[in-house]
Amino acid sequence: MQSKTVFLSRINIEELAASGKITFVGELCHQWLGFPLITQNTCLGGLVVQSYSEDQEFSQQDIDLLEYVSQHVASATSRRQAQDKLKKVNLELEQRVAQRTHELTMANSSLQAEVEERRKAEQIQSVLFRISEQANKDQNIRSFYHFLHKSINELVEAPNFFIALLDDKREKLIFEYRIEDDEDMVMELAFDADKPSEKCSPTETILITGKTLLLNSKSTDEHGKQHFIVGRRAVAWLGVPLIKGNQVEGAMVVQTFEPGYQYDQKSKELLKFVSQHVTNALYSQRNRIALNEAHKKLQAINNELEIRVDERTRDLQLLLKECQEIQDKLSHDALHDALTGLPNRNLFVDRVDHLLQKQSRSMSKGFSVMFLDLDRFKSINDSLGHIVGDELLIKVANRLDICLRPGDTVARLGGDEFCILLPDLCDEGSIQQVGERILQAVRMPFLIMDKEIYTSTSIGVTQSSIGYSNTSDVIRDADAAMYQAKSQGKNRLALFNREMHESTLRYIHLENSLRNAISNQEISVHYQPIVDLESEAVVGYEALARWHHAELGMIGPQEFIAIAEEIGFIHDLGLYILESTLTEQKDNFAKGITVNVNLSARQFERDSLVDDILGLCQKHKVRPDSINFEITEGLLIANFDLAKNMLSKLRSAGFAIMLDDFGTGYSSLSYIHKLPIDTLKVDRSFMMGDYQQQAPLITTIVTLAEQMDLDVVAEGIESEQHQSFLRSLNVKKGQGYFFGRPAPVSG
């Protein structure tokens, strides 16, 4: 069955009859039009009209009208079928009751009560059906209340009835409909759910608990003694909450003063069901009222807008003046930084351009430009938040302004970058003096949110005497000098020169390339053996990263590791090296040979470091005791508490910890006994030059390690003499070019 509209002409009918698809009964019509009667995805039948006159043909308007009519016929037919079915069911029920009554006429009174109960159930069903219909009609709410009261009174004794609702602020309880002794009253009471009255009424109890309350005879007396009751005390009292969503909006109550009458559990369930329809009707009414109010407000707004238009027309001159002020402010904002109020890049470039033009006309003594970048600002911003970071930038801007002369310009280019223009200042001595004032001012602590924040700045300087033709080159070279200052240890000033420019270009090129080095498979891991100095058997390896740049060739780790730390790439790089080691050294792990992997200080700043490492070991099924992690003394000095915490977690997870480059710093001895360390690695510098003079120091390190139950590994062994010398000092393990250079895994 297709269940769709069909339109046939006489020719169509004859063709279908000829093909045997239809059998035509009666006189052949001129046009035939049929519509399916569909309701709830079920086809009940069809509606068909026919035309037998060629003068009478169906138009598209006729088709649309009949299709619309078919939908209503389908709905009416469905309802009629449902009603017929209900009548049939009721008829069958009545027949059964009549038959059963006839058969059990002489039965006991309990059976008669059952018949009465069935009759009452039918009555309840009828009343509920009528209430449901009325609840969905668009009518005055009080008319619905009246009908509701009348209907409920058919089911329970309800001569007195009221509906009470909370106002929008939930501060008042308004009795919108209250029938008592045939008198219709509207009243209101104060209500506070958080602070109910000492003796709350039964209605308040419903609003606070959200539960139906049934009081009969004795219970109404008891409730009256303990709580507050408005009006006369009823013999029987039954109330239900009106709930929308999860919030109680009011209560509906029936009560009677007729002596001896009692409400029962069925009355309670009945009223609770009816309350759902009441709530829906209430919100329909409220929505209509809200819509009317919205229309009124809209009209009021329109009227007010008309008045404002008239006022604005009269005040046009004032408006033009205000617009000019706004334009002036926008012009100022376009040339100044919104956070610090300093000149921005646009204004700074304009002023440098002006000085370049003066210099080209021999009207200027020259000038200098400083490029400043705060050290560790990203760490401060990430750890303490952007609010602290912004406040720090504002305070830095204020200090920079104090350090300068009238006529100098300090601008914020963006982020933590500042530029300073120093007109008529070219000699290096004066530049150094200004730079030192700035470095000292920025080093002083900043008090932000009751915390002392420390930072520093790296300064790059270029001079107009170099011979510039455009401002972009000036700023570029000052930026290059700033990078040189950072590479020299930060918190210092560097003057630009041509070699520095080439170095900076290389740094920037390496920085950009390093971000894609892993995905381009340019990073590899080489392994240098660690041997037993007595037997020369390999007992372990140290994993060392190597970068084979596609254009520049092999880049040493001493160069690209620092870049990785600076750009925040070191964590990804470190995990890549670890995972490569876990993959490439499985055969050695199976033989009990361990591999040392280096950890950077910046990796310790990542809270997930230990979990990331354990995750890789589990992924490749490698035991933690197969991996040793090497840390440098510089890592400990940077943040001892953080390092100690991370090392303890790694040690607890089963990894061994080795202190690399031991003996080259100032604080190893003061820290070593506080840290979870397994091995000391004697720095390669002890094997350089006249290494035999280092015997007392190496002996002291070995003795210290023995007393603390630590292993010792010596680095920098490049000859048989080195090996013999270290063995004589009781050093058990070592590594160096004598035993093997770092190399990739063979095969």
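The values are calculated or read from the model by the stated rules, or taken from the named source; none is laboratory data. Here the structure is a predicted model, which means the values were calculated and not measured. Please note: Cβ atoms are built from the backbone with ideal geometry, for glycine as well, and neighbour counts cover all protein chains shown. Please note that ligands, DNA and RNA were not included when accessible areas were found on the heavy atoms of the full protein model with its side chains. Shrake-Rupley method; radii C 1.70, N 1.55, O 1.52, S 1.80 Å.
Observations on the model:
- The residue of region 164-200 that is modelled with the lowest pLDDT, among those that are open to solvent by 60 Å² or more (accessible area, probe 1.4 Å) and either β-branched (V, I, T) or within 17 Å of V240 (Cα to Cα) (or both), is V186.
- Top-ranked residue in region 601-631 [being open to solvent by 10 Å² or more (accessible area, probe 1.4 Å), within 15 Å of L647 (Cβ to Cβ) and not in a helix (DSSP H, G or I); ranked as modelled with the highest pLDDT]: N628
- Any hit, region 477-488, residues being of a type in the set (F, W, Y) and under 23 Å from V595 (Cα atoms): no
- Scanning region 426-439 for residues that are touching a helix residue (DSSP H, G or I) at 6+ places or on another chain (Cβ under 9 Å) and open to solvent by 20 Å² or more (accessible area, probe 1.4 Å) yields C426, R437.
- Some residue of region 539-550 being under 38 Å from the mean Cα position of the chain (by Cα), of a type in the set (D, E, K, R) and farther than 19 Å from I420 by Cβ: no
- If the condition is being open to solvent by less than 10 Å² (accessible area, probe 1.4 Å) and closer than 24 Å to A480 by Cβ, then region 375-408 contributes D375, L393, V396, A397, L400.
- Counted residues, region 529-574 - those being in a loop (DSSP other than H, G, I, E, B) and hydrophobic (A, V, I, L, M, F, W, C): 6
- When each of T457, T471 is tested for being polar (S, T, N, Q) and crowded, with 22+ Cβ neighbours inside 10 Å, the lone residue that passes is T457.
- Residue-level check: of (1) aliphatic (A, V, I, L, M); (2) open to solvent by 70 Å² or more (accessible area, probe 1.4 Å); (3) closer than 30 Å to E176 by Cβ; (4) over 36 Å from the mean Cα position of the chain (by Cα), A300 misses just (2).
A quick yes/no check of all residues on (1) assigned to a helix (DSSP H, G or I); (2) at pLDDT below 75; (3) within 19 Å of N280 (Cα to Cα); (4) open to solvent by less than 50 Å² (accessible area, probe 1.4 Å):
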position: A107; (1), (2), (3), (4): no, yes, no, yes
position: V115; (1), (2), (3), (4): yes, yes, no, no
position: R119; (1), (2), (3), (4): yes, no, no, no
position: I152; (1), (2), (3), (4): yes, no, yes, yes
position: F162; (1), (2), (3), (4): no, no, yes, yes
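- Total residues in region 724-738, condition open to solvent by less than 90 Å² (accessible area, probe 1.4 Å), closer than 17 Å to D683 by Cβ and not β-branched (V, I, T): 8
- Residues within region 320-357 that are open to solvent by 60 Å² or more (accessible area, probe 1.4 Å) and more than 27 Å from I394 (Cβ to Cβ), tallied: 7
- Test: residue in region 646-656 that is of a type in the set (S, T, N, Q), modelled with pLDDT under 90 and open to solvent by less than 70 Å² (accessible area, probe 1.4 Å): no
- The set of residues from region 234-268 being open to solvent by 20 Å² or more (accessible area, probe 1.4 Å) and either in contact with a Cys (Cβ under 7 Å, 6 or more places away or on another chain) or assigned to a loop (DSSP other than H, G, I, E, B) (or both) comprises V235, G245, N246, F257, E258, P259, G260, Y261, Q262, D264.
- Taking region 474-516 as the range and being of a type in the set (D, E) and either open to solvent by less than 40 Å² (accessible area, probe 1.4 Å) or under 40 Å from the mean Cα position of the chain (by Cα) (or both) as the test, the residues that pass are D477, D479, E511.
- Filter result for Q83 (open to solvent by 50 Å² or more (accessible area, probe 1.4 Å), farther than 28 Å from I124 by Cβ and without any contact (Cβ under 8 Å) to a residue 24 or more places away in the chain): no
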